[in-house]
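Chemist: Sharing a structure, written as structure tokens. Questions coming.
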Amino acid sequence: MAQLKTGLDPATQTQIANIEKKTGRSLAELSAAIAGSGKDTHGGIKDWLIATFGLGAGDANALTHVARGTDGASAAEGKDMEAILAEIYSGRKAHQRPIHDALMAVISGYGEFEIAPKKGYVSLRRRKQFAMAGPKTNDRFELGINLKDDVTSPKIVAQRPGGMCNYAVSLAGAAELDDEVKQVLRRAFDSAG
């Protein structure tokens, strides 16, 4: 496989490496296929990748960003974390910032981790991504959790295979970050380290 594009955050590098393994094609070959697909919009490319290579939506989205040079890492370049968070939690999404802050306080108690800002959310990782968090809509904050274990909860919803996270939790306020969510999040944190 070809060496990965420099400048990508570690989570994206890992995701692209996994996509290369799944498809049996290097990033250069996949980029060339995208260029020859006749698709020129983000959504068109993403849908084409799903149909052509059987990628999940999360992988197709990440590959589209990388191939088009619009990956989340470049969107955050040159900005400090507070400026990035101010953009994510601006306007009609500003009321969701306390949920984010409460979540970061909980995870900080678990130990060391990285925050990799993306466009519209943050990726949380140790050796690999264990969660992602941010506004899903103007009214809904979503915590995505990567955990291979089975979780049976009406609140912690399993996602379709191939997505960016195995589970998702909608939070309307910081108080909904309860013991059940914290326990599953801690298991994901531990398994990513």
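Laboratory data are not the source of any read-out in this text; all were calculated from the coordinates shown. The model shown is predicted, which means the values in this text are computed figures rather than measured ones. Note that each Cβ is placed from the backbone with ideal geometry, even for glycine, and that neighbours are counted across all protein chains shown.
Chemist: Can you tell me, using C-alpha contacts under 8 Å and at least 6 residues apart, the relative contact order of the chain as a whole percent?
Modeler: Relative contact order here is 18 percent.
Chemist: Calculated from DSSP H runs of 4 or more alone, at -39500 (n - 2.57) each and per residue, what is the 222 nm mean residue ellipticity of the chain, nearest 500?
Modeler: Calculated from helices alone, the mean residue ellipticity at 222 nm is -13000 deg cm²/dmol.
Chemist: Would you list the P(r) distribution for the chain, with all Cα-Cα distances sorted into 10 Å bins from 0 and each bin expressed as a whole %?
Modeler: 9, 34, 36, 18, 3
Chemist: Which of 46/118; 119/148; 128/155; 39/118 have a Cα-Cα distance over 21 Å?
Modeler: Violating the 21 Å Cα-Cα cut-off are 119/148; 128/155; 39/118.
Chemist: Where in the chain lies the longest segment free of GluC sites (Glu not before Pro) that are both loop residues by DSSP (not H, G, I, E, B) and have at most 15 other Cβ atoms within 10 Å?
Modeler: Longest stretch, sites excluded: 113-193.
Chemist: Separate question: For helix 10-23, report the angle its Cα long axis makes with the longest principal axis of the Cα atoms of the chain; keep it between 0 and 90° and round to the nearest 10°.
Modeler: Relative to the chain, helix 10-23 is tipped by roughly 50 degrees.
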